[in-house]
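I have placed the structure first, in the form of structure tokens, so that the comments after it can refer back to it.
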Amino acid sequence: MEDSLELSNNNEDNNIIKSTFDQLKTKVEAILFVADTPLEAGEIRNWIGEVSLADIRMAIRALAFEYEDRAFEIFEKDNKYQIKTRNEYLNLIKKQYTGKARSLSKNALETLAIIAYRQPITRAQINALRQVDSSSIVQTLKEKDLIYASGTRKEVGNPLEFRTTAKFLEVFGLNGLNELPSLRSLQMNIDDQKKAALALNAIETSNENENKVVNSSEIGFTSPDDSQG
């Protein structure tokens, strides 16, 4: 049975319990702050060690109460928790983040769009869709904390799979990936229309050939010469 922090009739014991709980609360806050994705109580416990799930949830409730008058909140969805900016302050910070997003090159924005709509996706798949090596761009997006390696794919070589981060959602003012705009409405300012068409058509195709190398014919791109022939 898991031990839980409960107050006793002894003031000295209560002070120790309060101190222990405050330390737990601080640890939970730190974990939620640095986490890229929402975490379940059990996942938080795995980070901390021997502590009951009841105490983890108690610490989260205490943090939620403390955050009531702050710009951030403890957000819960599907029994997962995350520290996020309150909706009423999103427009305020969006201006700052939008400038940073615009500082990305057109190729970086193209790569980021591919990852956002096809995640989880491997580096090889990104390269195939863009028809160019994207290793340096992927590294840049990781350094900007817009994407992260979420795990490895069970295939030859165990390649890394990439997903977008919570910061990606904040940068583009989204509460979740379900709020991503339609592909055709994305204004990425990509001058190379051929690459844009390749990327968009590739993302919109079915996942039947997910693990195959994609070439221009497989993703539905037709050049002007082909259409006339």
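The values are calculated or read from the model by the stated rules, or taken from the named source; none is laboratory data. In this text the structure is predicted, and so the values were computed from the model without any measurement. Note: ideal-geometry Cβ built from the backbone for every residue, glycine included; neighbour counts use all protein chains shown.
Observations on the structure shown:
- In region 114-126, the residues that are surrounded by 22 or more Cβ atoms within 10 Å (Cβ to Cβ) reach residues that are polar (S, T, N, Q) and assigned to a helix (DSSP H, G or I) with C-beta atoms within less than 8 angstrom, at least six apart or across chains, in these pairs: ILE126/THR111.
- One residue stands out in region 151-181 among those that are among the hydroxyl-bearing types (Ser, Thr, Tyr) and under 9 Å from the mean Cα position of the chain (by Cα): the one that is farthest from ILE83 (Cα to Cα), namely THR164.
- Subset of region 30-43 (residues that are assigned to a helix (DSSP H, G or I) and at pLDDT below 90): ALA30, ILE31, LEU32, PHE33, VAL34
- Test: residue in region 48-66 that is closer than 23 Å to PHE168 by Cβ, touching a residue at least 12 places away in the same chain (Cβ under 8 Å), of a type outside the set (A, V, I, L, M) and surrounded by 13 or more Cβ atoms within 10 Å (Cβ to Cβ): no
- Looking across ALA54, ALA62, one residue alone is in contact with a Lys or Arg (Cβ under 7 Å, 6 or more places away or on another chain), modelled with pLDDT of 90 or more and either part of a helix (DSSP H, G or I) or not hydrophobic (A, V, I, L, M, F, W, C) (or both). It is ALA62.
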